[in-house]
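One structure below.
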Amino acid sequence: MSVMSSPLEFLELLAREAAPVEFEGPLVAARSAGLPADRIAELEQAKTVALRVRALLERRRRRESELLSLYDTVSDLAGLRDLDEVLRAIVHRARHLLGADVAYMTLNDAERGDTYMRVTDGSVSARFQRLRLPMGAGLGGLVAQSGAPYVTANYPQDERFHHTREIDAGVGEEGLVAILGVPLRLGSTSIGVLYAANRSARPFAREEVALLLSLAAHAAVAIDTARLLAETRAALAELSSANTTIRAHSASVERAAAAHDRMTALVLRGGGVEDVTAAVTEVLGGALLALDTEGRLLARVGELDEPDRADIVEAVAASRTEGRSVRRGQLWYAAVVAGAENLGALVLHPEGELADADQRILERAALVTALLLLFRRTVAEAEGRVRGELLDDLIARPLRDIEALRGRARRLGVDLDAPHVLVAVDDDAIAATGSARQRVLSWATTYASTRGGLAAARDGRVVLMLPGQDAGGSARAVSRDLSRITARPVTAGASGPVTGPTSLATAFREADRCLAALGALGRAGQGASTAELGFVGLLLGTASGGGDAEVSRFLATTIGPVVDYDARRGTALVRTLESYFGVGGSLARAAEVLHVHVNTVTQRLERVGQLLGADWQKPERALEVQLALRLHRLRTG
């Protein structure tokens, strides 16, 4: 095989990060060389797979860039000294993360009742950079007035917005078409708008809206912190006679700044929710609970009983609506949110009264907690994808570079040369809605990783590779736990134990066939291994080794003439036999199942008698025929 006609050329294109159009080169060369159609089809398939891999790598690079930029933004806030520099960095990163042509920020002017351009990145129009937007005018004026995000794929033609001559002239001079704007919020107050825009039509995805909202939240924190520091300096300079008040205010601001810096540092060094709660209580005193969306405890510092579930729900809803912490009795609640997504709550029982700056510490802690939970989720999803891709490669055929697979597994803490069992879960468990399917795969990934194994979705199945030697016990445990998660019976077939990466693909096929056997044997909703299915399990287990000839001979001598007759004549004798045995030998009920006349069933069974012999309905022969029919169904699907 020449290099120009080899699928390996696509790997070379991937290695040098070639443009998508270059992946047509091997096909063009193959067609020019007059290669056979099957070779060209092979290259077509290799090109398709290579482009999918390229797209996946590109998405991962983009996600890594987004996370790095978020970390950089938090680092800037930790060393906040110059507000302009931080705002410019946020606008620059907004443009970079969303891949936009232009990013900019406007701030509200309370005296003039409008919003004005504060920072731009990528702008070339001086007129655009001097724009002031009346409240409610244009996309930005509407965001500033309503406090809600707005997006348009084509602003000049979008009639939802109130167009003015000045705004349209500035937008037109800049050449902007698609615009996304999100509010900068402090509590329940909108202080400005953060934008990302393109000079061509472009729909902004929901994830991009959420990302820009997160950046806007950091920008609002930076503005608020700068405002507090400015107020403190002004108070120290102008109110020397109120020394006690100034000291108290200064102390609270310093606490807020110190707490903010400390929590930001926690994020940068990889701290967790427990570290954030500890930092808050060290600054404010008292006791603190961190709860998830279901009210489950994430972290606890100090002695504090969990509030009633209804009280938590009401207080968190109020906190989200007001955009700040709320007080209920002796407790303070701060909603942990990311954009429009609720992630949980912080519940504080302070030692004394909280000043405004102290409340902001709690609110900033909620913001940092949301960021940590998002990071934790992203890391878990990334690890799950890596584990799933490894298992998918291990059960695919043929295996490539076994030592590389062993190395990938070792980095994930998986020893491929230890005994493992393979468990396949039926299609019904993941055939529901997309969210239910994702929940099943997420559960399987967590279940496998906590046991040192792997999980992946493949061919409509969820497959788990689990360390151990009890295949049947593993299948029953997966069936039981996943049935509880999905609230529906889940069937799980298992095989093994096997040792070494070369045996995993065969074990997966056996587990998959065991799954089909459980359904054929009327054992849906159960878990079992091939070794536990008796004779049928033995046949399934040997079919992938050297015993397939014995199974074939059994089928040929038992129902082979009927199968051959159906294949030659296009008849339905096999289906008729299955229906006849399935209804207990009743001709009338078999006719109803097949939707034919009773005479038709009788004639077909007479033909079966001619093919198999007159004694085919005697108990001994009938048992063999039924077993052969089930094996035939397992083989043909």
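The values are calculated or read from the model by the stated rules, or taken from the named source; none is laboratory data. The shown structure was predicted, so the numbers you read here are calculated from the model rather than taken from an experiment. All Cβ positions, even for glycine, are placed from backbone atoms using ideal geometry, and neighbour counts span all protein chains on display. Ligands, DNA and RNA are excluded from the accessible area calculation, which covers all protein heavy atoms including side chains. Shrake-Rupley method; radii C 1.70, N 1.55, O 1.52, S 1.80 Å.
If each of residue 404 and residue 110 carries a label point 7 Å out from its Cα toward its Cβ, how far apart are those two points in nm?
Using points 7 Å along Cα→Cβ, the separation is 6.2 nm.
List, in order, the whole-Hz ³J(HN,Hα) value for each residue of segment 141-149 obtained from phi through the Karplus relation with A = 6.51, B = -1.76, C = 1.60 and θ = phi - 60°; use x for Gly and Pro.
x, 5, 5, 5, 6, 8, x, 10, x
Whose amide H sits under 5 Å from the amide H of residue 298, counting only residues 5 or more places off or on another chain, with H placed in the peptide plane?
Hits under the 5 Å cutoff: 290, 291, 292.
Expected output is a single nm value to one decimal: the length gained when fully extending between residue 502 and residue 624, i.e. 0.36 nm times separation in residues minus the C-alpha distance. What is it? Walk me through the intermediate numbers first.
Details: separation 122, 0.36 × 122 = 43.92 nm, distance 3.51 nm.
Result for the pair: 40.4 nm of gain on full extension.
Read phi for every residue in segment 409-421 and hand back ³J(HN,Hα) as whole Hz from Karplus 6.51 cos²θ - 1.76 cosθ + 1.60, θ = phi - 60°, with x for Gly and Pro.
5, 4, 5, 9, x, 10, 9, 5, 8, 8, x, 9, 10
How much length would be gained if the chain were fully extended between residue 342 and residue 328, taking 0.36 nm per residue of separation minus their Cα-Cα distance, in nm to one decimal?
Going from the current span to full extension adds 3.1 nm.
Along Cα→Cβ, 7 Å out, is where each label goes; now give me the distance between the ones at residue 308 and residue 59 in nm to one decimal.
The answer from the label model is 4.5 nm.
Just to verify a number: FRET efficiency for residue 157 and residue 96, C-beta to C-beta distance, R0 = 35 Å, to 0.05? Intermediate results must be reported in sequence, preceding the final value.
Details: r = 27 Å, r/R0 = 0.79.
Plugging the Cβ-Cβ distance into 1/(1 + (r/R0)^6) gives 0.80.
Describe numerically, in nm with one decimal, the distance between label points set 7 Å from Cα along Cα→Cβ at residue 37 and at residue 593.
The two pseudo-label positions are separated by 4.1 nm.
For the peptides 326-338, 122-134, 138-150, what is the packing order when you average, over each peptide's residues, the other Cβ atoms within 10 Å and list the highest mean first? Working shown, then result.
On the way: 326-338: 19.5, 122-134: 16.6, 138-150: 21.5.
My ranking of the peptides, most packed first, is 138-150, 326-338, 122-134.
Using θ = phi - 60° and the Karplus form 6.51 cos²θ - 1.76 cosθ + 1.60, what ³J(HN,Hα) does each residue of segment 484-497 get, whole Hz, x for Gly and Pro?
Residue by residue, segment 484-497 yields 5, 5, 8, 6, 7, x, 10, 9, 9, x, 9, 9, x, x Hz.
Per residue, how much accessible surface does segment 389-520 expose to a 1.4 Å probe? Answer in Å², no decimals. Numbers along the way, then the final one.
Details: 5530 Å² over 132 residues.
Result: 42 Å² per residue.
Taking 0.36 nm per residue of sequence separation and subtracting the Cα-Cα distance, how much length would be gained by fully extending the chain between residue 617 and residue 206, in nm to one decimal? It would help to have the intermediate numbers written out before the result.
Working: separation 411, 0.36 × 411 = 147.96 nm, distance 6.40 nm.
Length gained, residue 617 through residue 206: 141.6 nm.
Between residue 12 and residue 557, what FRET efficiency follows from the Cβ-Cβ distance if R0 is 35 Å, with the result rounded to 0.05?
0.10
Amide H neighbours of residue 187 under 5 Å, counting only residues 5+ apart in sequence or on other chains, H built in-plane at 1.01 Å?
Residues meeting the amide H criterion: none.
From the Cα trace of segment 181-233, what convex hull volume per residue do you get, rounded to a whole Å³?
Details: hull volume 4.1 nm³, N = 53.
So the per-residue hull volume is 78 Å³.
Between residue 168 and residue 396, take the C-beta separation as r, use R0 = 51 Å, and let me know the FRET efficiency to the nearest 0.05. Show your work: numbers first, answer last.
Numbers: r = 56 Å, r/R0 = 1.09.
Once the sixth-power term is evaluated, E becomes 0.35.
In whole Å, what are the extents of segment 145-193 along the principal axes defined by its C-alpha atoms, from largest to smallest?
So the extents along the principal axes, rounded to whole Å, are 34, 19, 17.
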